[in-house]
Amino acid sequence: MPLWNSRGLRGSSLEELINLTNVKYREKKLALIQKIPTPITPINIDKENRHITLAYFEEKSTVDYIGAVQGVPVCFDAKECAVDTFALQNIHEHQVNFMKEFEEQGGIAFLLIYYSKKDYYYYLPFKNLLEFWQRAEQGGRKSFRFDELNPENQIECINHVFVHYLENLAKDIENRE
């Protein structure tokens with residue numbers, strides 16, 4: 001069974017900003033997006049601080065977020081990257097399969113990536129993720145470089161919404177039509 005050994009909540013600052021963004025979207029009735037918790041069973045708990053220090057995953061997680069934007073079903077995962085090369089090992093095959101099936105059902109799947117060294121937020125459409133994934137499966141690079149990304153998919157902070165991904169989602173939908 002996979003184990004989780006707490007080294008702090010990796011990616012928690014990105015997820016917190018996304019959660020705040022999703023609250024704003026909900027308040028403005030633009031979107032209803034929920035964080036999907038990963039079910040874990042605690043093994044060790046620091047009773048003094050009430051923190052889980054060791055646990056195992058009960059099942060494989062799919063994506064971090066799921067919901068609807070103006071009637072369009074969406075799902076996405078949030079990832080942080082400290083360097084200019086994003087290793088595909090940070091995404092699991094079952095996640096890619098879920099996102100593929102989600103899109104086959106008429107939904108939109110994507111990744112939100114925060115390049116911490118550059119302080120740069122990026123919207124990666126699923127079709128681009130799938131291209132990188134298939135390249136790796138065919139024996140190519142097991143990662144993608146920052147310079148391979150389309151700069152038009154950078155996420156801007158607008159109106160105090162830090163990870164304002166809805167504009168990028170609208171472009172993604174437009175490019176599909």
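The values are calculated or read from the model by the stated rules, or taken from the named source; none is laboratory data. This one's a predicted model, so the numbers in the text were calculated from it and none came from an experiment. Backbone-built Cβ (ideal geometry, glycine too); neighbour counts: all protein chains shown.
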(message) Being surrounded by fewer than 14 Cβ atoms within 10 Å (Cβ to Cβ) and either farther than 28 Å from GLU148 by Cβ or at pLDDT 75 or above (or both) is true for just one of GLU15, GLU80, GLU93. Which residue is that?
(response) GLU93
(request) Return the residue satisfying two criteria in turn: it lies in segment 41-64 and is among the β-branched types (Val, Ile, Thr) and outside any strand (DSSP E or B), and of such residues it is modelled with the highest pLDDT. (result) VAL63
(message) It is to be established whether one or more residues within segment 108-120 are within 17 Å of the chain's Cα centre (by Cα) and exposed (fewer than 12 other Cβ atoms within 10 Å of the Cβ).
(response) yes
(message) I'd like the full set of residues that are assigned to a helix (DSSP H, G or I), loosely packed, with under 14 Cβ neighbours inside 10 Å and touching a Lys or Arg at 6+ places or on another chain (Cβ under 9 Å), limited to segment 121-142.
(response) LYS127
(message) Just to be sure before I move on: is GLN105 polar (S, T, N, Q), touching a residue at least 40 places away in the same chain (Cβ under 8 Å) and either in contact with a strand residue (DSSP E or B) (Cβ under 7 Å, 6 or more places away or on another chain) or farther than 17 Å from LEU14 by Cβ (or both) in the structure I sent?
(response) no
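Select, from ASP172, ASP119, the only residue that is touching a residue at least 60 places away in the same chain (Cβ under 8 Å), of a type in the set (D, E, K, R) and out of contact with any helix residue (DSSP H, G or I) (no Cβ under 8 Å at 6 or more places or on another chain).
Details: ASP119 fails: touching a residue at least 60 places away in the same chain (Cβ under 8 Å).
Criteria check complete, one pass: ASP172.
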(request) Exactly one condition in (1) of a type outside the set (A, V, I, L, M, F, W, C); (2) part of a strand (DSSP E or B); (3) at pLDDT below 95 is not met by LYS118; state its number. (result) (2)
(message) I want to confirm something. Restricting to segment 65-115 and keeping residues that are touching a helix residue (DSSP H, G or I) at 6+ places or on another chain (Cβ under 7 Å), hydrophobic (A, V, I, L, M, F, W, C) and not in a strand (DSSP E or B), which single residue is nearest to LEU166 (Cα to Cα)?
(response) MET99
(request) Return the total of residues in segment 144-177 being touching a strand residue (DSSP E or B) at 6+ places or on another chain (Cβ under 7 Å), surrounded by fewer than 18 Cβ atoms within 10 Å (Cβ to Cβ) and closer than 18 Å to ASN90 by Cβ. (result) 2
